[in-house]
1. Of everything in segment 13-27, what is open to solvent by less than 80 Å² (accessible area, probe 1.4 Å) and more than 40 Å from the chain's Cα centre (by Cα)? Give them in sequence order.
2. Select from segment 56-97 the residues that are of a type in the set (Ser, Thr, Tyr) and modelled with pLDDT under 95 and list them in ascending order.
Amino acid sequence: MSEQTAGLAATDPAGVWAAAIGTGGVFVLLIVLVWQIAATWRARMLAAREEQYKELARKYAELLEDNVELHRRSIEELTAARRSVDALERKMMREVE
């Protein structure tokens, strides 16, 4: 009886089309699943990269603030040194006169 059923399925055009459509549907489903898994993986990788960029930007901002503070201190020290040199020059000029 199974030979008769297999023979009927092979000669039945509707059964062949149904099997072909079913097989195609399974392959399309697998392709969509793989595509979605790849898209999800890519989105997670991009999110992780975005977090790394945010961390890098935060560190850069801290370093920039430190650099600005060091620059401000250097300017203050340079200004104090100039005042001291100016005062010393005036004192020496008075002694020379």
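The values are calculated or read from the model by the stated rules, or taken from the named source; none is laboratory data. In this text, all values refer to a predicted model and were calculated from it rather than measured experimentally. All accessible areas refer to the heavy atoms of the entire protein, side chains included, with ligands and DNA or RNA removed. Shrake-Rupley method; radii C 1.70, N 1.55, O 1.52, S 1.80 Å.
1. The answer is ALA14, GLY15, VAL16, ALA18, ALA19, ALA20, GLY22.
2. SER84
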